[in-house]
1. Inspect all residues belonging to region 6-18 and state whether any of them is at pLDDT below 85, in a strand (DSSP E or B) and not assigned by TED's automatic domain parsing to the domain that holds CYS191.
2. Tell me, which residue of region 820-832 that is surrounded by 19 or more Cβ atoms within 10 Å (Cβ to Cβ) and more than 13 Å from CYS852 (Cα to Cα) is farthest from the chain's Cα centre (by Cα)?
3. Which numbered condition trips up TRP285, out of (1) closer than 19 Å to PRO676 by Cβ; (2) buried (at least 24 other Cβ atoms within 10 Å of the Cβ); (3) in the same structural domain as LEU555 (by TED's automatic domain parsing)?
4. Restricting to region 832-875, what's the tally of residues that are part of a strand (DSSP E or B), under 21 Å from ALA405 (Cβ atoms) and of a type outside the set (Gly, Ala, Ser)?
5. Scan region 1-29 residue by residue and report those that are surrounded by fewer than 19 Cβ atoms within 10 Å (Cβ to Cβ) and more than 19 Å from GLU73 (Cα to Cα).
6. Just one of VAL332, VAL337 is without any contact (Cβ under 8 Å) to a residue 60 or more places away in the chain, within 34 Å of the chain's Cα centre (by Cα) and buried (at least 21 other Cβ atoms within 10 Å of the Cβ); which is it?
7. Report, by residue number, each residue of region 529-545 that is under 19 Å from the mean Cα position of the chain (by Cα) and either aliphatic (A, V, I, L, M) or over 14 Å from TYR788 (Cβ atoms) (or both).
8. Consider THR269 carefully, then state whether it is within 22 Å of the chain's Cα centre (by Cα), over 19 Å from VAL609 (Cβ atoms) and β-branched (Val, Ile, Thr).
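The values are calculated or read from the model by the stated rules, or taken from the named source; none is laboratory data. Owing to the predicted nature of the structure, the values given are computational and were not obtained by experimental measurement. All Cβ positions, even for glycine, are placed from backbone atoms using ideal geometry, and neighbour counts span all protein chains on display.
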Amino acid sequence: MRVTVDGRPVDVPGGASLLAAVRAAGLGVPALCHDDRLTPVGSCRACSVRLDGRVVAACVTPAAEGAEVTVEEDEVRALRRDAVELIVSVLPPYALEGDGELARTCRELGIGPESAGEGAGRGRDDSHPFVRLDRDLCIACGRCVRMCAEVQGTFALTLTGRGSETVVAPGTGGLWADSDCVSCGGCVDTCPSGALTEPGLPAGSWLGPLARTRTTCGYCGVGCALDVLTRDGEVAAVRPAADGPVNRGHACVKGRFAHGYLRAADRLTRPLLRGPSGRLEPVGWDEALAHVARGIRDAIGEAGPDSVAAISSARSTNEENYLLQKFMRVVVGTNNVDNCSRLCHSPSAAGLTAAFGLAGGTDAFEDVERADCLLVVGANPAEAHPVVGARLLRRVLGGARLIVADPRAVGLARHADVHLRPRPGTNVALFNGLAHVLLAEGLIDEDFLRSRAAGLPELAAVLDGHTPDRVAGITGVPAADLVAAARLYGRAARPAILYGLGVTEHLHGTDGVRTLANLAILRGAVGTGRGFGVNPLRGQNNVQGASDMGALPDLLPGYGKVRDPVARGRAERVWGVRLPDHDGLRIPEMFAAARAGDLRVLWIVGEDVATTDPDANRVVEALESCPLVISQELFLSETARRADVVLPAASWLEKDGTFVNFDRRFQRVRPALAPPGEARADFGIVHALAAALGADLGCPTPAAALAECGRVAPVFAGISHDRLDREGAVPWPCPEAGRPGVSRLYQDRFATAGGLAELAARPYLPPGEAADDDYPLILVTGRRWAHYNSGTMTRRSGAVELDPVDHLDLHPADAARAGVRDGDRLLVESRHGQATLTARITEEVLRGQLFCAFHFAASRVNALISGHADTVTSCPEYKVTAVRLRKPFR
């Protein structure tokens, strides 16, 4: 529509406010209570303009066709100045200092310190490690409260008091540190007055003499775009990018604040070599690399190339993963390379490939956000993927129906229309039960099934045995809830499925992915626009990319099979060598080979396998059995302590390259800092080790490595650093530089051999372990909101103040039976090991079930986990472990 602002015609979209029209005309008015991300309230009146003779607040007044708006008029300017001056009159003079929004506005309006008052002496709250509250600077605009509610979805803040005494406060009362705040920092970003700041960083100071680097977060797989602000080689602050493709100006505690590890006193800065004394001693790079090169040569000479193996890193860039797998295949001559997707989402790759043809989620997150029914399974995005969790919650609060399938009552489950709480290990029965109802009640897309899918008769035969009553007996989910959930999903116009490790980390994890995919296929909700498919929420920042780049024992870059002569031949032509044609070792097989004496060299990049991998005592045994273990790390982790050579690596804030996020987007990673001391990026370390072995890997830069990867894997051929620098993000598949990447897959055909979506007829099979008289409780492991994976980085930041120990969640009935009080230290035993945890009594878990994370190495949680693994991919069964509690010690 067309609006006239001070005589200038401007065009604005329907539904736009007068404030948007004023800005479109190139004019500015103060808007101290307004943030474009939030619902406008018009409380400060600082944005007053004249509309057709009336004075109105521009932020809350909708623009109308032909409206006449006056901004630069003396009377209206005076009204705006009076409104701001009234706000300032109850603030102390220092409110006008600095470069915050209120201080800048006062300077622009000619309001000086003489207009300020003395302040109310309401005091400060400095209890929180990441947020400081100066109550005397609060102007009660409510932006922080709305940010917490509307963007984060936590509802942790409120306005309390009356009149000039109104001030922001935690909704629970008391100190900020004890509130429900999840430390996303959104309140600090939106605060216009400096009432909310980061410690040591006054409001607006980041606009001063700081360097700004746009990069992609190195924590979870959401792929948030961040602006890293540095001064004198230190991170001053991290800001979520307003134009971030996924996060849109939002962040979580980890990406935003957990960068203190960069300055940690125990950061590795020199290579370490285990000397004759048995201790790790500092050495130069030449000596360390020569030792590793000699060990690799000796192993190959004595036992062949397959006596060497590498575990690549889901925290490394795509280019680093590409280079490492190339090193193993070209220099060493083995396919013994794997990455931690083996431990989390390898069933996703296998299951999605079998069902649809490609090893990634089916749709872009923006599409998923348009769904009218969300089925969230085995995931707690509110904690593990907070930016995604917040955006999903906004969708639900906006009217979308929500089904959550998870044993725990946490996160989004509190907002669900139907919350299904299956017994751990019974996912396949649950998904088959939902499919049974869809089929029995005709809630399927018959045209889609007839023309674009295969396997319906076989599936129907299996589903006959999965009636709601039988499934209720297996899963513990009431039959009525199962039917209600199936009807919600089946009757939705645009359903979407998102899932996490609660689906994959099981003995039958791949079957779980396949039977979950069945639901989308039955509904015709893949590739049609009548739904938004099946989308895994990836755990680590580049776990998708590590696999995309071929850091897998059976797959080359782009998922070409090593046994496929066509895919292998393409790589051989680019790399100029003959490649091994047999699958390499998976991570569990590497450990088994080490214990058996068959593996001579194990190179571990950026993974603390002694802490994160299952059956941890056996992992340690493997490390101690292998003659040469190399750990490439930031810190002396539990794995590094057991290594023979430790190589100091750069963090994600210190390297150049790309990551791939959970919905297949390539995004740039740029160095904001130089690595400390002699630490090097993984890319440089791999090149240096190749040189020590007399080899040249080519690819002198990360940009060149990605370009070469595109020649090996045409699915990535259209993606380059230059293009990403221009466009910000590009999803794969993207085979041509001049065309966009494909965000919504399978619109024309599926990528399976027959071009059809493949339904999977999979019967329910029980998990690897079950509760019994000796071990009567079932333990599920996962993540908490404040920490990340093994906690190597987050435990060295202020996040440890928010969550200082690993807790064991147990139901009040189980606690009473065991004589456990909240806060007791517990010894937890399984058939495989012991762990020490702190009791947290809560009804978030069901009777007979326990939950804990594995963020603190000292807890030894993964010593409890069995060796049971997915029968297709070897992904461990982290979600079902039979345990018992020993008498608490206080």
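1. Yes, region 6-18 contains at least one residue that is at pLDDT below 85, in a strand (DSSP E or B) and not assigned by TED's automatic domain parsing to the domain that holds CYS191.
2. VAL820
3. (2)
4. 4
5. Selection gives MET1, ARG2, ASP11, PRO13, GLY14, GLY15, ALA16.
6. VAL332
7. Answer for region 529-545, where residues must be under 19 Å from the mean Cα position of the chain (by Cα) and either aliphatic (A, V, I, L, M) or over 14 Å from TYR788 (Cβ atoms) (or both): VAL534, ASN535, PRO536, LEU537, VAL543, GLN544, GLY545.
8. So THR269 fails the test.
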